[in-house]
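Student: One structure, pasted below without further comment.
The values are calculated or read from the model by the stated rules, or taken from the named source; none is laboratory data. Predicted model only: the values in this text are computed from it and were never measured. These accessible areas exclude ligands, DNA and RNA; they are computed on the full protein's heavy atoms, side chains included. Shrake-Rupley method; radii C 1.70, N 1.55, O 1.52, S 1.80 Å.
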Amino acid sequence: MLEGKRLAVLGVGTMGEALIRGLRARAPGVEVVGTVKHEASRARVEALGARPAESNAAAAEGADVLVLAVKPQVVPAVLSELRGRVAADALVVSIAAGVTTARIEELLGGEVPVVRVMPNTPCVLGEGISVLARGAHAGDEHLALARELFDSVGKTAVLEEGLIDAVTGLSGSGPAYVYLVIESLAEAGVKVGIPRATSTLLAAQTVLGAARMVLELGQHPALLKDAVTTPAGCTVDGLMELEEGKLRVTLLKAVVRAAERARELG
Ligand SMILES: NC(=O)c1ccc[n+]([C@@H]2O[C@H](COP(=O)([O-])OP(=O)(O)OC[C@H]3O[C@@H](n4cnc5c(N)ncnc54)[C@H](OP(=O)(O)O)[C@@H]3O)[C@@H](O)[C@H]2O)c1
């Protein structure tokens with residue numbers, strides 16, 4: 001569905017760039033225009049094989065899909081530039097954390113189809129997870145088009161918009177939690193004598209491998225954990241420390257707090 005379409009990425013930063021890279025690899029026939037704030041950033045847009053537009057309004061002209069990829073606080077200003085300029089059959093896709101589809105519809109005016117998406121940074125490597133929710137005027141075809149876009153940078157799921165803040169707290173912020181885990185495991189490796197570079201490799205590959213086991217074997221994580229834990233072995237001692245350090249409830253609280261903050265930002 002995307003091939004031959006014209007896409008405007010408004011705000012080609014970390015996430016905008018990830019999307020353009022993913023599209024270049026998966027759907028080379030998509031024409032991409034992009035906007036940035038600073039003149040110096042235009043070269044970055046060109047280097048991605050996209051055309052830098054003079055303004056957000058100019059980028060929106062003739063675009064089939066508009067991706068709103070600026071920071072949440074910049075969204076009202078960008079949408080005020082677009083008001084009345086979005087083609088009647090264009091789709092607006094927003095990845096701005098905390099900004100509801102209702103707010104975007106209100107700022108744009110009219111019955112604009114809007115799909116809200118919460119991606120995460122591994123989209124840069126095509127290994128992201130993006131959750132999509134449709135606005136009041138977005139139909140199945142709009143959702144399918146937006147999904148195709150984000151399928152090019154990883155996996156996708158569809159949920160009700162009421163859950164997007166929760167998703168932000170889990171998979172949107174989640175890479176940061178996992179980096180902390182990897183950093184700590186690597187540090188622990190150094191503590192027990194493993195050279196730092198090898199220790200970081202061991203920690204990161206262990207997280208990657210364990211994640212693939214969950215996704216590809218489809219088994220409950222608890223069963224996979226049990227398979228590593230031999231009676232009176234070493235793993236159970238390590239797990240005991242993690243339970244004492246309240247790892248589970250700490251992660252749970254991290255997701256709850258981040259989700260609450262996402263709601264506040266909205
Ligand atoms: N990073 C994440 O982990 C993540 C995850 C999920 C969702 N998001 C959402 O994705 C959005 C972008 O985040 P990001 O991390 O990619 O931010 P970012 O790297 O700071 O990118 C924002 C981009 O917007 C451009 N910009 C600023 N004002 C503009 C304007 N008036 N018109 C056009 N472009 C403008 C900036 O241009 P310059 O380069 O010239 O400054 C920059 O390239 C945010 O709304 C965030 O909530 C981010």
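Student: Report the full-extension gain for the segment Ala227 to Ala25: residue separation times 0.36 nm, less the Cα-Cα distance, to one decimal in nm.
Tutor: Net length gain for the segment: 68.9 nm.
Student: Given H placed on each backbone N at 1.01 Å, which residues far from Arg51 in sequence or on other chains put an amide H within less than 5 Å of it?
Tutor: Sorted by chain and number, the residues that satisfy this are Val32, Val33, Gly34.
Student: Rounded to whole Å and ordered largest first, report the semi-axes of the equivalent ellipsoid of segment 189-266 derived from its Cα gyration tensor (root of 5λ).
Tutor: Over the Cα atoms of segment 189-266, the ellipsoid semi-axes are 26, 18, 16 Å.
Student: Rounded to the nearest 500, what is the chain's calculated 222 nm mean residue ellipticity when only DSSP H runs of at least 4 contribute -39500 (n - 2.57) each, over all residues?
Tutor: Counting only the DSSP helices, I get -15000 deg cm²/dmol.
Student: Over the chain, with the other protein chains present, what is the accessible area per residue in square angstrom, probe 1.4 angstrom?
Tutor: Values: 14680 Å² over 266 residues.
On a per-residue basis, the chain sits at 55 Å².
Student: Moving on to the next point. Please give the Cα centre distance for segment 171-207 versus segment 231-262, rounded to the nearest Å.
Tutor: 16 Å
Student: Tally up the carbon and sulfur contribution to the accessible surface of the chain as a whole percent, 1.4 Å probe, everything protein left in place.
Tutor: 60 percent
Student: Continuing with the same structure: For the chain: lysine pairs with Cα atoms under 30 Å, gap of 8 or more or different chains, count?
Tutor: For the chain, qualifying lysine pairs total 14.
Student: If you wrap a convex hull around the alpha carbons of the chain, what volume per residue comes out, as a whole number of Å³?
Tutor: Values: hull volume 38.7 nm³, N = 266.
Hull volume over Cα atoms, normalised by residue count, gives 145 Å³.
Student: Multiplying the sequence separation of Asp237 and Ala157 by 0.36 nm and subtracting their Cα-Cα distance, what value in nm do you get?
Tutor: 25.1 nm
Student: Additional query: What fraction of the DSSP beta bridges in the chain is antiparallel, stated in percent and rounded to the nearest 5?
Tutor: Of those bridges, close to 15 percent are antiparallel.
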